[in-house]
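Written below as structure tokens is the structure these notes are about.
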There are 2 protein chains.
Amino acid sequence: MPASPIRKLVPLGDDAKKRGTHVYHLNIGQPDIETPPEFYDAVRSYQEKVIAYGNSQGIRLFIESMQQYYDSLSIPLGYNDIVITTGGSEAIMFAMMAVAQPGDEILVFEPFYTNYNGFAIMSGITLVPVATQAEDGFHLPPAEEIARHITPRTRAMIICNPNNPTGTVLRDDELDAVRDIALRHDIFVLSDEVYREFVYEGRTKSVLEIDGLEQHAVVMDSLSKRYSLCGGRMGAVISRNRSFMDVMLRFGQARLCAATLEQIGSAALVAEGAKYFDGMISEYRQRRDATFDALQNIPGILCRKPSGAFYIMAQFPVDDIERFASWMLTDFSDGNETTMLAPGPGFYATPGRGMNEARLAYVLNAPECRRAVELVARGIEEYNSVNRKD
Amino acid sequence: MPASPIRKLVPLGDDAKKRGTHVYHLNIGQPDIETPPEFYDAVRSYQEKVIAYGNSQGIRLFIESMQQYYDSLSIPLGYNDIVITTGGSEAIMFAMMAVAQPGDEILVFEPFYTNYNGFAIMSGITLVPVATQAEDGFHLPPAEEIARHITPRTRAMIICNPNNPTGTVLRDDELDAVRDIALRHDIFVLSDEVYREFVYEGRTKSVLEIDGLEQHAVVMDSLSKRYSLCGGRMGAVISRNRSFMDVMLRFGQARLCAATLEQIGSAALVAEGAKYFDGMISEYRQRRDATFDALQNIPGILCRKPSGAFYIMAQFPVDDIERFASWMLTDFSDGNETTMLAPGPGFYATPGRGMNEARLAYVLNAPECRRAVELVARGIEEYNSVNRKD
């Protein structure tokens, strides 16, 4: 089981901090946006004397607020179409384990969110990577190319829309192709939509909105990014497929319930509707633009302006991104500051891919993003001059 | 995947409640004891503006308080011997998945905590049941009998001490036998010790205290019962085996972290030490005695007085415990009251076993336990007279 590329450099970062170096964290998708006060208020005013087991599906108040939220997106859901999970992580794990047995295969478009891999390894499922290319803006390959990877053991494909780590938002024609493949081969579409609100042009479409896909569509959702609630560990699995949801409920029973207090707080938050989203998205648009523009000024860096999420997957003019990213923490500093990146290879299943790519999470304010990228620029220059040895 | 025997009758119970019938819940191990105020105080005074991702291993304050707690049990642990989990459930799942691949086998002594089964099914692990008998007080069978179940695919045995559902506390000679088998066959001992404090005679011994077992002993722990914090979902995996703990940390990274607020609250709770335990245990001793004495008065009921946890596994003079337990909710009431039980078969992997057994959780105060058992007594009488059809 590989260490998380998002977290593996943390010990080196800790050492740098001990030396007094400030580290800009572009490695992890941890927003600095404040968690809305409704969450704290609801948690603090919880008056029950016992923090008791809750219903395995989730507490009613929270499920109903999620129904209202989806309703506001014009996605009507039944009460039993939702099972509350411990973060998007548990949603992903439950969904993967429900559709695939050990030895079964799930297609995943690489680069992909690295933790899919962890859950696959834990459960003996084989992830079959289907390549997407930086030059195509990491959009899906043609349907024939996707279908070429399907075998009798393929049970599902995972899409992440908007995408972590690429920031790509799928077009309607891509989602139509996904539907056609899913229906033709009778496989599930597991759609990671935790960045749904983070779209800077146009709008993203949920798999739950695709006609004809009702029995094949599964959404893995999370409140972490939407409400800056990463440490709350609140998510959900959503599907209109009855037998799939029966399995979700049984998995839910196996781990008894999700945490009570966070569900109370989350119910209050979600009931607030969209009021926090607009301000948050315009803030992230500024961050994206600041980060992207600063990257454009670095000779040899290649990336496209992402349409969604809060990541940029960029190609770096270095020999080995793992070595470079480590070196930034162990050997480099400028004005006693440096930047932590998430090296690309961890986002690929195919050995050798991503060797000169890194994911940058623009989760700091715009001036900090600019400074963090400036440090990357200086780092590249120094790293390459040191390593050139001429 | 089977529905949880602890929760499967809940819909029938809900229907009974809708009819105005009061239901005594002896089915689920949900204590009515108040969660100590230190938990609420710490959660309410948390001042960070962002509920951010925490360290995957757990937050330092909580891990250190767990070290102190184990130190107070004369079990010295290193900081990295502990990984905080989302409840004992995640601890069990992580531990099982770390030691066994799909198709591998883990021995489990039946009757056993039903959710081991859920995690085995989710991960393709085969649970191999080793029978224990009510007549032996559900103590372990002889070592030769245990060893007879070991194959080249056996990776571990699970013990639960004190035991859910039987209330049995393992003797030192049993633990020595467990150690000998584990060392001889080089398999892990996964020890579920969430009821550690709930011992009414003598003291229970942790696998972490067994000399020579350092590299094979894994404890799956939880704060749920100890601090009446079931809905907090706070647990831990503990081992001195370095490579096992490396896997724990990587599993931990795959799901990012446990919930922040509950860790803050739990750190404060655990730091209080043993101050809540004595009062709680004497309360539970009264409940055990009340429940056991009342059961002794029912003709045909067979059970032993349990030494630990808060469960009694009793044999019932009925034809089919599933049918009887359902009937208690659908057809029976006395003074508009009835009792919900957890039917025995769900605690067994071997088909046909447990058909006339049920688990009773004495988590209500003594008078309520007495009344709940009285209802069981009247229920048995009525059920058998209705079903005798003579």
Q | Unique residue being within 21 Å of the chain's Cα centre (by Cα) and at positive phi when the list is B:Arg233, B:Arg287 | A | B:Arg233
Q: Please enumerate the residues belonging to region A:226-264 that are more than 8 Å from every other protein chain (Cβ to nearest Cβ) and crowded, with 24+ Cβ neighbours inside 10 Å.
A: A:Tyr227, A:Met234, A:Gly235, A:Ala236, A:Val237, A:Ile238, A:Ser239, A:Met248, A:Gly252, A:Gln263
Q | Odd one out for B:Met66, checked against (1) in contact with a Phe, Trp or Tyr (Cβ under 9 Å, 6 or more places away or on another chain); (2) under 27 Å from B:Thr204 (Cα atoms); (3) among the hydrophobic types (A, V, I, L, M, F, W, C) | A | (1)
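Does region B:131-174 hold any residues that are assigned to a loop (DSSP other than H, G, I, E, B) and touching a Leu at 6+ places or on another chain (Cβ under 6 Å), and which are they?
Answer for region B:131-174, where residues must be assigned to a loop (DSSP other than H, G, I, E, B) and touching a Leu at 6+ places or on another chain (Cβ under 6 Å): B:His149, B:Asn161.
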Q) Among the residues of region B:265-276, is there at least one that is free of Cβ contacts under 8 Å to residues at least 12 places away in the same chain, more than 19 Å from B:Tyr70 (Cα to Cα) and not hydroxyl-bearing (Ser, Thr, Tyr)? A) no
Q: Mind telling me which of the residues B:Pro152, B:Pro129 ends up being in contact (Cβ under 8 Å) with a residue 60 or more places away in the chain and surrounded by fewer than 19 Cβ atoms within 10 Å (Cβ to Cβ)?
A: B:Pro129
**Q.** When residues of region B:1-45 are limited to those that are touching an Asp or Glu at 6+ places or on another chain (Cβ under 8 Å) and more than 11 Å from every other protein chain (Cβ to nearest Cβ), the one surrounded by the most Cβ atoms within 10 Å (Cβ to Cβ)
**A.** B:Val23
Q: May I ask you to list the residues in region A:38-60 that are under 24 Å from the mean Cα position of the chain (by Cα) and under 14 Å from A:Gly232 (Cα atoms)?
A: A:Phe39
Q) For region A:46-71, what are the residues that are small (Gly, Ala, Ser), part of a loop (DSSP other than H, G, I, E, B) and more than 9 Å from chain B (Cβ to nearest Cβ)? A) A:Gly58
Q.
Among the listed residues B:Leu175, B:Leu208, identify the single one that is surrounded by 21 or more Cβ atoms within 10 Å (Cβ to Cβ) and without any contact (Cβ under 8 Å) to a residue 40 or more places away in the chain.
A. B:Leu175
Q: Might you check whether a residue that is touching a strand residue (DSSP E or B) at 6+ places or on another chain (Cβ under 7 Å), over 26 Å from B:Ile312 (Cβ atoms), buried (at least 24 other Cβ atoms within 10 Å of the Cβ) and not basic (Lys, Arg) occurs anywhere in region B:184-192?
A: yes
Q) For A:Arg203, are the conditions met, namely being surrounded by fewer than 19 Cβ atoms within 10 Å (Cβ to Cβ) and farther than 23 Å from A:Pro306 by Cβ? A) no
Q: Name the single residue, out of those in region B:97-118 being closer than 20 Å to A:Leu256 by Cα and in a helix (DSSP H, G or I), that is nearest to the other protein chains (Cβ to nearest Cβ).
A: B:Gly118
**Q.** Search result, residues across region B:91-112 that are within 17 Å of B:Phe188 (Cβ to Cβ) and under 18 Å from the mean Cα position of the chain (by Cα)
**A.** B:Ala91, B:Ile92, B:Met93, B:Phe94, B:Ala95, B:Met96, B:Ile106, B:Leu107, B:Val108, B:Phe109, B:Phe112
Q) Somewhere in region A:35-43, is a residue out of contact with any strand residue (DSSP E or B) (no Cβ under 7 Å at 6 or more places or on another chain) and free of Cβ contacts under 8 Å to residues at least 24 places away in the same chain? A) yes
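We did not get these values from a lab; they are worked out from the coordinates using the rules stated. In this text, all values refer to a predicted model and were calculated from it rather than measured experimentally. FYI the Cβ positions are ideal-geometry reconstructions off the backbone, even for glycines, and counts take in every protein chain you see.
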